[in-house]
1. Whole-Hz Karplus ³J(HN,Hα) for region 440-448, in order, using 6.51 cos²θ - 1.76 cosθ + 1.60 and θ = phi - 60°, x for Gly and Pro?
2. Order the peptides 336-343, 166-173, 439-446, 473-480 from the highest to the lowest mean number of other Cβ atoms within 10 Å of their residues.
3. Counting other beta carbons within 10 Å of each Cβ, put 407, 344 in order, fewest first.
4. How far apart, in nanometres, would the label points at residue 118 and residue 345 be if each is projected 7 angstrom from Cα along the Cα-to-Cβ direction?
5. State, to one decimal in nm, how far the label point of residue 485 lies from the label point of residue 159, with both points 7 Å from Cα in the Cβ direction.
6. For a quick check: with amide H placed at 1.01 Å from N, whose amide H comes under 5 Å from residue 184's, ignoring anything fewer than 5 positions away on the same chain?
7. Taking θ = phi - 60°, what integer Hz values does the Karplus form 6.51 cos²θ - 1.76 cosθ + 1.60 yield along region 397-407, in sequence order, with x for Gly and Pro?
8. Using label points projected 7 Å from each Cα along Cα→Cβ, tell me how many nm separate residue 250 and residue 374, to one decimal.
Amino acid sequence: MGQTWAGGTQRVVLTAVAVLAMATGMSTAAAGASPPAGRATAPAPVAFTPDWSQRVTGSAISTSSPVVVANGTKPFVVTGDVGGNLRAFDLASGTPVGGWGNVRAGYEIRAPLSSDGASVFVPVAQDGPNRVPQFKKFNAKGQQVWNTNPGTRYPAPGVGFLLAGMSLANSGGWKAIGPSSGQSFYGFNAANGAQQWSFLNADSTMATAALADVAGLGSPQVITSNDRSEHTSGRRVVGFLRVVTLSGRQLCSASQMATGTAYANEGYNNSSPVVMEVRGKPLIVLGSTGPRQSGSGDNQLLGYNANCTPRWTSAPLAGRIQASPALADVMGKGAPQIVQLVAMSDGGQQYPRVYVIDPATGKTLVDTGTRLRQYAAQIIYPPGTSVVTADVDGDGAQDMIVPASRMLVISGRTHQVLSTFAIPGAIQNTPVVTELPGKGLRVTVAGYSGSGGWISSFTSTQGRLGKNAWTRFANSSRLTGVQGTVNG
C-alpha cells in the first residue's frame, strides 16, 4: 500500500486488493439446521478500490459512526472525533464541504451521528445524573442551530460522554429522542431544540432508541434498553426494556434479571434494540451483556413482543453482545435474519465472530466460529461496531461488511470471504454503505491511526443495496432501528 500526502489529504493507493475465498463455508451451529440456500460453489471475487481518503483532525475518530446527509442532490458525510470536532466531506469526491473547516461541538463525540436529510444531530456532553445533556443540531453549512442545554458544564475528558445517538421521527413535525448517561431520556422538538418531555429511567441509557409503531397507534413509539444499579453497592443488577409513546408515556416495560456481581463485570446494557416484523407481528430484538438475563446462559439475544413479553431467548453467544444487531436477508429467503457481531480475544488482539439468527425462533443458523481469526487486530469491538450489508455480488442475498484488520466482505449465502480491502488504521464504529448512481457500491469508513482521525471511501463496480438491506447502523441516517414495515 502506498500513501501520498498533500495539504493534509491522505491518498491511499492499494497496489493490490487481496481477494480471499475460503475453501468451505462457515459452520452451521444448530444440530439439524438446514444449510443456507443458494449456490454451493465459491462466489466470484468482488473488488473494492480506494476512491478518496482524508486525514480529518489531530484527534481520533472512535465510536462515533459517521452519517450521510442527503443535502438535496449533493450528499456529504460528517464525522465527529474525541476532540469534539465535526468535519464534512463531499460523498463522491471527498472534497471538504464549505463551512465545516473548523466546527467544534465542544466535547468528546462518541455517539453515532444522525440526520433528517438536511441537518446533523450530535449528542455531546452529560455532566450529572439530573442535568439535561448538550444535544446539538447543525445545518448543512456547519452552523449550530440549537443546543438543548448551553449551561451544561463539560466534564473531565473521558467522563460523562454519551454513547447513544439521537433517533429522529417525522410525526406531526420532526422529533428527536435523546438518551443520556444520567438517569433520564428526553423528547425534543427537532426544529428548535425545545424539550417536550423527559422520562426518569433507572440508570444510564447507552443504547440508541428504536422508533417504530409496534402498538399500532398511527405514530412511532420509542423502544429503549438500559441498565439499573443497586443504590447501595452500585452493582448493575438488572436491565430494562421500555416501550414509550412519542409523547413520553410508558406503554410497557420488561426486566432482564441478572446476577449482580457477575453482571457488574460484564458492563452496561449497550446493545441498541432493533425492530422488525415476523409472522405478522412486531419483534423487538436486543442483546444482553450480563449473565442469565433470560434463560440459562449469558450474552444472549432477546426477542420481545410489542407488549414487552418475552418471545424467545437465543443460546449464549461466544462473546459480549454490545453492538446493535443487524436485520438483513443474508440467506436470500425473502425476509430478514438477525446478524450479530461479537468480539473474540486472540492474545492481545481481537477478531470478529458473526452469527446469523432465526428471528422466528432465536436459533443460530450460522456461526463463523474461528474462521475470521486470521483478521485479528489490536482494536476493540465496542457498542458502535455493527455489521452493515448490501448485495455486493448481485446474487439477491445481502452480503456482510465487517471491520477487522482489513474490511471484510462476506457472502451472505455461502459465508465465504468475497474480498478484503485495506484501511489506513483502526475502526471502532459502523461504516456507511451507499449505492453509486450508475452501478456499484461505496463503503465509507472512519477511524484512527495513532492519535489522528481519518475517513476513507472505497467503491466497487458491481453490486446494489438490494432488498432487506441494513445499509448502516440502525438502517438509516435517522437511526430509527426499524427494518421494513412493522404491523402494530
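1. x, 10, 10, 10, 10, 10, 10, x, 8
2. 473-480, 336-343, 439-446, 166-173
3. 344, 407
4. Rounded to a tenth, the inter-label distance reads 5.0 nm.
5. Modelled inter-label distance: 5.2 nm.
6. For residue 184, whose amide H was placed from the backbone, the distant partners under 5 Å are 201.
7. Whole-Hz 3J(HN,Hα) from phi for region 397-407: 10, 6, 9, 9, 10, 10, x, 7, 4, 10, 7.
8. With each label point 7 Å from Cα toward Cβ, the separation is 5.1 nm.
Just so you know, all these numbers are worked out from the coordinates, no wet-lab data involved. Remember, it's a predicted structure, so these values are computed and weren't measured experimentally. All Cβ positions, even for glycine, are placed from backbone atoms using ideal geometry, and neighbour counts span all protein chains on display.
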